[in-house]
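Beneath this line is the structure, given in structure tokens, with notes to follow.
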Amino acid sequence: MTLALLLYGAAALAVGAFAARVSSRGRDAFFVGDRSFGGGSAWAALSTTTIGGSTTLVLAALVARVGLPALWLDLAGALGLAALGLVLARRVRATGAVTIAEVIGQLYGPSVRRIAAALVVAAEIVWFALLAEATTAVLTAATPWEPRRVLVLTTLVFVVYTLLGGQRAVIRTDILQLALMAAGLLGVALPLAARSLAKTGVPAGLITFPFGPRFGPLDAAALLVLVGLPHAVGSDVWAKLLSARDGTAARRAALGATVSKLAFGFSTVAIALAGVGLGLPGGPELFPRTVIALAGAGLAPLLLVAMIATMQSSSDSVLLSASAATVNDLLPPRFGSPAWARFFVALYGGLGLVLALVHPDLIETFRLGYTLFASGLILPTLLAFVPGLRVPRGFAAAAMLAGAAAALAERFFRVTGVDPVLVGTGANAACLLAGLLRRRRG
């Protein structure tokens with residue numbers, strides 16, 4: 001196993017080093033790869049970005065807890081990607097922006113752009129911590145290695161190849177990662193899980209759908225907001241579309257990623273049910289422990305590398321998005337060089353590592369990152385693309401701040417007992433509605 005992981009890490013670092021010179025030519029080269037990626041490359045990049053830890057470790061843990069209704073987590077993401085491909089992808093690419101905050105700035109002005117960028121940076125640091133924790137969960141479930149050392153070393157690999165090669169390194173490794181994920185998880189782990197389920201049977205209490213005793217309609221609605229909307233309006237998601245060659249490539253990438261999301265989601269559910277059938281304990285370690293238990297010694301190295309590729313395929317994207325939001329949207333133009341971009345990749349990787357060390361709760365980190373982003377940014381951004389509706393920029397800024405603040409207050413203090421993402425999104429929507437009414441009366 002160690003040899004397989006070393007070879008994979010060396011390959012990722014080699015891709016970063018190979019892309020370093022070209023990525024140093026300027027801002028667009030580093031952050032969007034000079035917009036040179038066709039539909040196939042953009043599809044691979046967007047697929048791997050949107051699968052990651054939420055479609056594997058978090059989904060498997062939720063399956064063990066509530067059964068098949070956990071599929072709403074994956075369906076929500078797929079619906080968001082489908083809406084992105086059908087409605088927004090061409091329009092996003094046509095902006096010619098570098099970041100989602102720059103797109104928001106084109107719609108609402110520079111002050112709102114800076115607020116959006118700050119929210120992006122905060123959410124991406126939390127997401128990086130989530131993915132670092134997920135990688136640690138995979139490795140410690142499959143190896144006897146010490147968790148903190150694993151966390152530090154894997155974070156170092158993620159940071160180094162991302163800061164070396166920028167978006168070119170990220171997308172080129174995404175292609176390798178998608179191939180490993182498909183071979184290991186769809187080609188090997190899924191058939192093994194199906195065979196195991198044929199022997200053990202599916203636990204009867206877990207196969208109700210669309211809802212169950214521990215998962216109701218309000219839970220599904222919360223996931224549609226928490227996970228679905230960030231897949232339609234997401235900083236790392238839009239970064240892939242903005243790196244595409246044209247609007248057609250961006251649209252194909254989003255629609256293709258919808259199919260990938262569903263394929264890996266259903267595969268994860270089957271693997272999780274097989275793990276429950278084998279009597280393995282639930283939680284974030286259920287997925288890697290099941291995969292290793294099904295694989296045996298011969299296939300374990302391949303499947304371990306496939307799981308690490310799944311985590312890594314998202315972690316590099318969130319680091320790059322946080323750096324881009326800082327250099328492109330928060331700081332003056334003199335900070336726009338690739339050298340500064342690399343500095344902030346390293347800085348935010350370090351901050352994410354610290355957060356993962358002090359807050360090693362995978363599920364709560366997942367919810368915190370998605371709650372912050374979904375409650376703050378998404379509704380004002382979507383509303384700006386609706387013809388005939390334009391919210392005054394002051395109300396858009398207030399909606400972002402109020403949504404994020406309300407969601408965080410509910411997350412940490414449980415003021416109302418309602419899901420924090422619904423509380424934050426409600427506060428956001430109230431500000432937007434007030435802005436629309438103000439404009440109509442004006």
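The values are calculated or read from the model by the stated rules, or taken from the named source; none is laboratory data. None of the values given here were measured: they were computed from a predicted structure. Neighbour counts are summed over all protein chains in view; Cβ atoms, including those assigned to glycine, are modelled from backbone coordinates with ideal geometry.
Data overview
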| item | result |
| --- | --- |
| Residue match in region 424-441 (condition: surrounded by 13 or more Cβ atoms within 10 Å (Cβ to Cβ) and not in a helix (DSSP H, G or I)) | no |
| So A257, is it in contact (Cβ under 8 Å) with a residue 60 or more places away in the chain, more than 23 Å from A10 (Cβ to Cβ), buried (at least 24 other Cβ atoms within 10 Å of the Cβ) and touching a strand residue (DSSP E or B) at 6+ places or on another chain (Cβ under 7 Å) | no |
| Candidate set from region 313-362 (those that are more than 15 Å from A117 (Cα to Cα) and of a type in the set (D, E)); member that is surrounded by the fewest Cβ atoms within 10 Å (Cβ to Cβ) | D361 |
| Among residues of region 411-423, those that are more than 18 Å from P230 (Cβ to Cβ) and part of a helix (DSSP H, G or I), counted | 2 |
| Given (1) within 17 Å of the chain's Cα centre (by Cα); (2) β-branched (V, I, T); (3) closer than 30 Å to V276 by Cβ, number of the condition T99 does not satisfy | (3) |
| Residue in region 40-50 that is modelled with pLDDT of 90 or more, more than 14 Å from A239 (Cβ to Cβ) and surrounded by fewer than 24 Cβ atoms within 10 Å (Cβ to Cβ) present | yes |
| Selection status of A182, over 30 Å from G96 (Cβ atoms), small (G, A, S) and either within 25 Å of the chain's Cα centre (by Cα) or crowded, with 24+ Cβ neighbours inside 10 Å (or both) | yes |
| Sole exception among (1) farther than 22 Å from A306 by Cα; (2) aliphatic (A, V, I, L, M); (3) touching a helix residue (DSSP H, G or I) at 6+ places or on another chain (Cβ under 7 Å); (4) assigned to a helix (DSSP H, G or I) for A193, by number | (1) |
| Helices (runs of 4 or more DSSP H) (entirely within region 213-261) containing at least 1 residues that are over 15 Å from T371 (Cβ atoms), within 14 Å of the chain's Cα centre (by Cα) and charged (D, E, K, R) | 235-242 |
| Answer from L273, L320 - the residue that is aliphatic (A, V, I, L, M), more than 20 Å from A142 (Cα to Cα), assigned to a helix (DSSP H, G or I) and in contact with a helix residue (DSSP H, G or I) (Cβ under 7 Å, 6 or more places away or on another chain) | L320 |
| Candidates R342, R367 - the one that is over 27 Å from A427 (Cα atoms) and either over 23 Å from the mean Cα position of the chain (by Cα) or assigned to a helix (DSSP H, G or I) (or both) | R342 |
| Failed condition for R21, given (1) within 21 Å of L304 (Cβ to Cβ); (2) without any contact (Cβ under 8 Å) to a residue 60 or more places away in the chain | (1) |
| Qualifying residue in region 70-78 (condition: aliphatic (A, V, I, L, M) and without any contact (Cβ under 8 Å) to a residue 40 or more places away in the chain) | no |
| Single unsatisfied condition, V188 versus (1) closer than 30 Å to T425 by Cα; (2) touching a helix residue (DSSP H, G or I) at 6+ places or on another chain (Cβ under 7 Å); (3) at pLDDT 90 or above | (1) |
| Long-range neighbours under 7 Å by Cβ, at least six apart or interchain, first residue more than 18 Å from G33 (Cα to Cα) and free of Cβ contacts under 8 Å to residues at least 60 places away in the same chain within region 99-114, second of a type outside the set (F, W, Y) and surrounded by fewer than 18 Cβ atoms within 10 Å (Cβ to Cβ) | Q106/T95 |
| Only listed residue being over 28 Å from A402 (Cβ atoms) and buried (at least 18 other Cβ atoms within 10 Å of the Cβ), chosen from T99, T136, T143 | T136 |
| Residue count for region 108-118, restricted to those that are of a type outside the set (D, E, K, R) and either within 20 Å of the chain's Cα centre (by Cα) or buried (at least 20 other Cβ atoms within 10 Å of the Cβ) (or both) | 6 |
| Any pair with Cβ under 9 angstrom, 6 or more apart, that starts in region 341-355 at a residue that is over 17 Å from R27 (Cβ atoms) and free of Cβ contacts under 8 Å to residues at least 24 places away in the same chain and ends at one that is crowded, with 23+ Cβ neighbours inside 10 Å and among the aromatic types (F, W, Y) | none |
| Test: residue in region 14-36 that is at pLDDT below 90, surrounded by fewer than 20 Cβ atoms within 10 Å (Cβ to Cβ), assigned to a helix (DSSP H, G or I) and among the β-branched types (V, I, T) | yes |
